[in-house]
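Values in this text are rule-based calculations from the coordinates and carry no lab data. Please read all numbers here as calculations on a predicted model, not as lab measurements. Here the Cβ positions follow ideal geometry from the backbone for every residue, glycine too, while neighbour counts run over all protein chains shown.
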Amino acid sequence: MSNTIAAIATATGSGGIGIIRMSGDKCFEILKKIFIPKNKNVDLDKVEGYTIKYGYIINSRTQEKIDEVLVSFFRAPKSYTTENMCEINSHGGMVVERKILEECLLNGADLAEPGEFTKRAFLNGRIDLSQAESVIDIINAKNDKEAQASLDQLQGKLSREIENIRADLLDIMSDIEASIDYPEYDIEETTGEKAMNLLNKEKEKLELLEKSFESGKILKEGVKTVIVGKPNAGKSSLLNVILNEDRAIVSDYAGTTRDTIEEFINIDGIPLKIIDTAGIRKTDDFVEKIGVEKAINLINDADLIIAIFDSSKKLEDEDYKVLDLIKNKKSIILLNKCDLSQKNFETINYMSKLNKTVIKASMKTEEGIDKLYKEIANLFNNKEIELNDGIIVTNIRHKNLIHRAIDNIIKAMDSIKQEMPIDITAICIKETLEDLGEITGNNVSEDIINKIFSKFCLGK
């Protein structure tokens, strides 16, 4: 790529430092027009890579100083993009950063597209496609384990596993092609038996990767946790206590919450996407009815349910409806309002007989919240989200391609079992190789590449 690109790499807003990136053949040529080193004897053409120089960015037309900066130099091919590259470290703030970017653009750089620096790193062969995708996952990581899983992927652990499987499949293909090219040696039957055993081993490896997506989904999206209960049981109060802020409206009026409220939190290292829902009850209010239906649908799709009940009152039809909805789901029962003097022991005794964890609680005094956190940690302990030797699939695109690859291996194995011509098996294995190649970018369309990098932020 001959054009030189530039963009602001730091987040929008005020900050101590702002970074403007440039990459491309004309990077240092442009820099010479807008950067004056403090040391007048410095020859920018001879500055080595991995070096920082102190000086000023100037207006190239008026020669007025714009900001005091540090410039990091990266010489091709030892840079993020493998091209000549520099990073101008300025003071933070939109005005200064934009002025510096404007100077870069006025002197020959093009404004980078979202993710274009990482896209160049991929297209120039420094990283593969799965590694490139891990960059945005690191940026968006919401907890330590997600960040670690993304870093492992950036370091190539998933890529190496995929490439090892592809290499084994290519070995199988070479045997099959030999039997196709030299049928006079009558080795098709032997090749079929050998291929069946090897294909089964590769299928098991891929199934292990596909299974890891369940942990990857938890790391990336959080445990989908739905708070349910009848109106005024204390759902919104629980959400506010967990978030330590008045996020949801709390009122004695039943039916205050009509839509879902979603927040992402971290409890003892377990990421939770917590959702407050409308109270479960019969209602003639059209809007509230939609909210109740949405709550019921969320229960069916939840990873965890926190069902909250008013322990100061007898169980009503709405309570039994909630219990029926959660009976086959991973759930915790929270008996709220245990601070009230008039406790309903009938409700407490009934709940204690259910095959669920029951916690006495008070949203007013925050009693039972610590027990709730401990139970969540027990339900989703480290074993459930343990990394498989550092290899975990967190990307739905990768998961779907792995699933397709497994299906094609199964088709290949079925063709052998049914004694079909060996070239049918070869076609299925070839499709498997193409599926896996799409993960690492060995064979992937330009449209997919553009779609992936369009999700990146500017400057990355």
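Structure notes:
- What you get for the chain, charging only the Cβ of Lys and Arg (+1) and of Asp and Glu (-1), is a dipole of about 2040 debye around the Cα centre.
- For peptides 46-57, 164-175, sequence by mean Cβ density within 10 Å, most packed first: 164-175, 46-57
- Nearest-0.05 FRET efficiency for ASN124 and ARG61, computed from C-beta distance (R0 41 Å): 0.75
- LYS417-GLU214 pseudo-label distance in nm [points 7 Å out on the Cα-to-Cβ vector]: 2.3
- Protection proxy ranking, peptides 435-445, 78-88, average beta carbon neighbours within 10 Å, highest first: 78-88, 435-445
- Difference of contour (0.36 nm per residue) and Cα-Cα distance, TYR373 to ASN200: 58.1 nm
- Fully extending the segment from SER445 to LYS327 would add 37.9 nm, taking 0.36 nm per residue of separation and subtracting the current Cα-Cα distance.
- When the Cα positions of LEU239, ILE409, VAL444 are compared along the charge dipole of the chain, LEU239 comes out farthest toward the positive end, with charges on each C-beta of Lys, Arg, Asp and Glu.
- For the Cα trace of the chain, dividing Rg by the Kirkwood Rh returns an Rg/Rh value of 1.10.
- Toward the positive end of the charge dipole of segment 5-128, with +1 on the Cβ of Lys and Arg and -1 on the Cβ of Asp and Glu, the farthest Cα among GLY16, GLY93, VAL69 is that of VAL69.
- Whether segment 1-110 is rounded, prolate or oblate, judged on the alpha carbon gyration tensor where a/c under 1.5 counts as rounded: rounded
- Fewest neighbouring Cβ atoms within 10 Å first, the residues PHE73, PHE264 line up as PHE264, PHE73.
- Spin-label zone in segment 141-156 - amide nitrogen under 13 Å from a point set 7 Å from the Cα of CYS457 along the C-beta vector: 141-142
- Beta bridges by DSSP in the chain, antiparallel share as percent, to the nearest 5: 65
- For segment 5-128, share of DSSP beta bridges that run antiparallel, in % to the nearest 5: 95
- Residue order, fewest to most surrounding Cβ atoms within 10 angstrom, among MET22, MET94: MET94, MET22
- Shown is the FRET efficiency for LYS32 and LEU170, computed with R0 = 45 Å from the Cβ-Cβ distance and rounded to the nearest 0.05: 0.40.
- Cβ crowding within 10 Å ranks SER60, SER23 as SER60, SER23, fewest other Cβ atoms first.
- Estimated inter-spin distance, LYS78 and THR365, nm [label 7 Å along Cα→Cβ]: 6.6
- A full extension of the chain between LEU151 and VAL42 corresponds to an added length of 35.5 nm, given 0.36 nm per residue minus the alpha carbon distance.
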